[in-house]
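A quick write-up on the structure given underneath.
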Amino acid sequence: MAVENKQENKLSKPISRRILLGGAATAAVVLLKSSYGQVVQKAITHAELKIADPTKVLGPPPGALGTRSKFETPVKKASDISSRTPLQDLFGTITPSDLHYERHHAGVPVIDPHSYSLTIHGMVDKPLVFSLADLKRFPSVTRIFFVECSGNYRGGKAEMTPQEICGLTSQSEWTGVMLSTLFREVGVKSKASWFLAEGSDAAVMTRSVPVNKGWEDAMIAYAQNGEAIRPEQGYPARLLLPGWEGNTSVKWLRRIELSDQPFMTREETAKYTEGVKDGKIRQFSFVMDARSIITYPAYPQQLQKGWMEIRGIAWSGRGKIYKVEVSTNGGKTWQDARLQDPVLDKAHTAFRYLWEWKGGEAELLSRAIDETGYIQPTMKQLTDARGQDMGGYHLNPVTSWLVQRDGKVLFKSEK
Amino acid sequence: MNKLWIVFGSLIMWSCNNKPRHVIVSAEGKVVYTDSANWPASFGLGRPASSSDIAKMDLDVRPDGKGLPVGEGNAIAGKAIYLTKCVACHGTDTTSGDAKLLGPVLISTKPGKGKTIGNYWPYATTLFDYVRRAMPYNEPGSLTNEEVYQVTAFLLQANKIIGEQDVMNAKTLPKLVMPAQKRFIPDDRKGGPEVR
């Protein structure tokens with residue numbers, strides 16, 4: 001990042017930007033076993049961090065499992081119902097699996113992969129039960145795309161990080177079998193127009209999905225970033241619907257039922273529906289519209305004068321990002337940001353824009369434009385289109401960062 | 001109901017770029033795959049799902065009533081269950097809105113008091129389906145079908161959709177028309193320059 005500190009082996013010197021911002025007393029966070037055997041995090045002070053000259057001390061031998069540097073402590077921010085990816089701490093576009101956001105409706109189930117099965121039935125020629133080993137034997141596919149919760153906007157105060165504003169989006173390289181391959185195996189009847197996906201968590205969560213998405217690009221994934229999917233992400237297998245609201249990508253998938261109508265489950269009626277104008281309620285709003293956010297600079301970073309790279313991510317559930325524009329003057333003028341190749345379909349795309357901060361007030365914005373010609377709207381455009389009762393789903397407004405003369409960066413909250 | 005869903009379904013399909021490239025539906029309605037021309041007709045993986053395999057997990061209830069089990073109940077019996085197993089998280093008509101509840105407010109016919117069954121839920125069958133699969137939160141799936149009918153009847157009665165004596169069963173529940181149903185419209189966003 002732009003504010004790099006020269007690393008020195010002196011305890012009195014700042015160690016990294018994050019530690020610097022984390023407060024004077026905390027030098028790092030370490031994992032410890034508590035008296036109950038649970039792994040807990042403990043902050044340790046600079047004085048406790050005895051760092052010798054690494055050229056004079058033999059390091060530890062090769063290990064069975066890698067760990068993060070003890071100087072790097074990115075964490076998810078958890079509430080009762082979700083935990084959010086620290087977008088401001090990440091580089092590139094792949095979310096480390098242990099930092100993938102979580103949203104579940106009745107906790108994370110423990111599922112034995114040997115007793116796991118996926119049943120596909122309903123309007124099919126041959127209802128079948130697949131074991132995990134069966135799923136892994138089918139022709140496989142690997143694809144990078146994002147998963148985003150449709151309720152991914154928070155506002156309300158100036159001191160908010162990208163993680164707090166929209167940390168319910170994450171990106172992985174997923175591997176699995178295409179649902180179309182399984183549809184072919186069971187012989188989905190041509191009159192089937194919807195399917196129900198059911199999880200085996202304590203909510204036995206269900207969503208109805210148009211059968212066409214199953215033919216198009218739905219995947220049953222068993223791997224994430226090169227290893228088995230994490231329990232929080234649906235171990236041992238989950239549905240993934242690229243570009244669609246995360247709730248439809250049912251985790252811990254145990255059953256798919258083909259039908260000629262939607263099932264009207266709680267998650268597609270009482271929840272995941274949004275008020276629009278004239279008292280109407282929009283339903284089955286699956287696709288995540290284009291969005292972007294500047295992740296650097298952002299709250300709580302402290303700017304120093306000079307050149308820096310404005311960085312962020314942009315994504316669209318409708319296809320590829322066509323362009324990202326950046327403004328440093330509150331939207332009076334816009335410039336094209338550089339996109340990092342390869343730009344992938346329905347995927348977080350990194351963008352960069354070189355900027356010299358001379359010490360004055362500035363307002364930093366980014367807006368994503370996708371290949372359908374959709375331009376990421378402002379909050380006002382969203383409110384104008386949907387009315388005051390629009391609720392919190394599918395809010396993808398342009399995010400604005402206010403740079404103050406003292407170098408503080410604050411979120412311009414609009415809702 | 002079915003007609004409405006044909007319209008909904010076709011709108012959604014239309015918004016999803018029609019059929020994907022590798023799927024063609026022939027004039028006789030047969031699905032043809034083009035991306036798997038060299039694949040065997042079947043990989044022979046998986047085992048046949050028996051009707052008892054399916055019955056064990058086939059919990060879902062559709063708006064037309066398909067999936068509703070035998071049994072019935074009314075609001076009087078349901079109220080007793082609600083006051084024992086549900087009220088701590090969901091409150092009552094008089095307490096909801098006062099304190100911060102652990103679960104969503106369920107009872108209210110007035111708009112603006114949260115998304116309740118009376119002012120927001122479009123189908124009564126959803127109530128049976130959800131209570132049976134996921135509630136009570138701390139003991140999911142612990143209610144008998146009879147108890148689920150009873151709690152469903154109480155929630156409908158408390159939201160002034162049915163009377164205290166009305167019996168809910170596989171025949172009566174799908175016939176109810178919920179007040180909010182007419183407010184639901186399919187997604188009309190479709191990409192492109194227009195913000196919707």
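Of the numbered conditions (1) assigned to a helix (DSSP H, G or I); (2) surrounded by fewer than 20 Cβ atoms within 10 Å (Cβ to Cβ), residue B:195 fails exactly one; give the number of that condition.
Condition not satisfied by residue B:195: (1).
Looking only at segment A:221-242, which residues are buried (at least 24 other Cβ atoms within 10 Å of the Cβ), hydrophobic (A, V, I, L, M, F, W, C) and under 16 Å from residue A:111 (Cα atoms)?
Across segment A:221-242, the qualifying residues are A:221, A:229, A:237, A:239.
Does segment A:157-168 contain at least one residue that is assigned to a strand (DSSP E or B) and either under 22 Å from residue A:212 (Cβ atoms) or within 12 Å of the chain's Cα centre (by Cα) (or both)?
No: zero hits.
A quick yes/no check of all residues on (1) surrounded by fewer than 17 Cβ atoms within 10 Å (Cβ to Cβ); (2) touching a helix residue (DSSP H, G or I) at 6+ places or on another chain (Cβ under 6 Å):
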{"site": "A:57", "(1), (2)": "yes, no"}
{"site": "A:60", "(1), (2)": "yes, no"}
{"site": "A:63", "(1), (2)": "yes, no"}
{"site": "A:80", "(1), (2)": "yes, no"}
{"site": "A:88", "(1), (2)": "no, yes"}
{"site": "A:95", "(1), (2)": "no, no"}
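Being facing chain B (nearest Cβ under 9 Å), not hydroxyl-bearing (Ser, Thr, Tyr) and not in a helix (DSSP H, G or I) is the filter; apply it to segment A:179-200 and report the residue that is nearest to residue B:40 (Cα to Cα). Quick ask: steps written out before the conclusion?
Here is the first cut: in segment A:179-200, the residues facing chain B (nearest Cβ under 9 Å) are A:180-191, A:193-194, A:196, A:198, A:200.
After this cut, where a residue has to be not hydroxyl-bearing (Ser, Thr, Tyr) as well, the list is A:182-189, A:191, A:194, A:196, A:198.
Checking which are not in a helix (DSSP H, G or I) leaves us with A:187-189, A:191, A:194, A:196, A:198.
Numbers: A:187: 13, A:188: 17, A:189: 19, A:191: 24, A:194: 26, A:196: 27, A:198: 29 Å.
The selected residue is A:187.
Are any residues in segment A:249-266 of a type in the set (Phe, Trp, Tyr) and closer than 25 Å to residue B:184 by Cα, and if so, which ones?
Result: A:263, single match.
Return the residue satisfying two criteria in turn: it lies in segment A:111-140 and is more than 12 Å from chain B (Cβ to nearest Cβ) and in contact with a helix residue (DSSP H, G or I) (Cβ under 7 Å, 6 or more places away or on another chain), and of such residues it is nearest to residue B:130 (Cα to Cα).
A:116
Give all pairs with beta carbons closer than 6 Å in which a residue from segment B:167-196 that is facing another protein chain (nearest Cβ under 9 Å) meets a residue that is of a type in the set (Asp, Glu); count only pairs at least 6 apart in sequence or on separate chains.
Within 6 Å, the pairs are B:196/B:188.
Which condition number does residue A:341 fail, the rest of (1) buried (at least 18 other Cβ atoms within 10 Å of the Cβ); (2) away from every other protein chain (no Cβ under 14 Å); (3) in a loop (DSSP other than H, G, I, E, B) being met?
Tallying (1) buried (at least 18 other Cβ atoms within 10 Å of the Cβ); (2) away from every other protein chain (no Cβ under 14 Å); (3) in a loop (DSSP other than H, G, I, E, B), residue A:341 fails exactly one: (1).
List every residue pair whose Cβ atoms lie under 6 Å apart, where the two residues are 6 or more positions apart in sequence or sit on different chains, the first residue falls within segment A:361-383 and is touching a residue at least 12 places away in the same chain (Cβ under 8 Å) and more than 10 Å from chain B (Cβ to nearest Cβ), and the second residue, located anywhere, is among the hydrophobic types (A, V, I, L, M, F, W, C) and surrounded by fewer than 17 Cβ atoms within 10 Å (Cβ to Cβ).
Listed by first residue and then by second, the contacts come to A:363/A:402.
Quick test of your reading of the structure: residue A:412 fulfils all but one of (1) charged (D, E, K, R); (2) surrounded by fewer than 16 Cβ atoms within 10 Å (Cβ to Cβ); (3) closer than 19 Å to residue A:327 by Cβ. Name the failing condition by number.
Among (1) charged (D, E, K, R); (2) surrounded by fewer than 16 Cβ atoms within 10 Å (Cβ to Cβ); (3) closer than 19 Å to residue A:327 by Cβ, residue A:412 violates only (2).
Would you please name the residue that is farthest from the chain's Cα centre (by Cα), looking only at residues in segment A:266-300 that are among the aromatic types (Phe, Trp, Tyr) and within 10 Å of chain B (Cβ to nearest Cβ)?
My answer is A:284.
Would you be able to say whether some residue in segment A:261-271 is at negative phi and in a strand (DSSP E or B)?
no
Is it the case, given these coordinates, that residue A:263 is closer than 18 Å to residue A:382 by Cα, within 14 Å of chain B (Cβ to nearest Cβ) and touching a Leu at 6+ places or on another chain (Cβ under 9 Å)?
no
Which is at pLDDT 95 or above, within 14 Å of another protein chain (Cβ to nearest Cβ), in a loop (DSSP other than H, G, I, E, B) and within 28 Å of residue A:389 (Cα to Cα), of B:136, B:122, B:104, B:140?
Being at pLDDT 95 or above, within 14 Å of another protein chain (Cβ to nearest Cβ), in a loop (DSSP other than H, G, I, E, B) and within 28 Å of residue A:389 (Cα to Cα) holds for just one of B:136, B:122, B:104, B:140, which is B:122.
For segment A:280-318, which residues satisfy the criterion of being buried (at least 22 other Cβ atoms within 10 Å of the Cβ), among the small types (Gly, Ala, Ser) and either assigned to a strand (DSSP E or B) or at pLDDT below 95 (or both)?
A:292, A:312, A:314
The values are calculated or read from the model by the stated rules, or taken from the named source; none is laboratory data. As the structure is a computational prediction, the values presented were derived from the model and not from experiment. Using ideal geometry, Cβ is built from the backbone for each residue, glycine included, and neighbour counts are taken over all protein chains shown.
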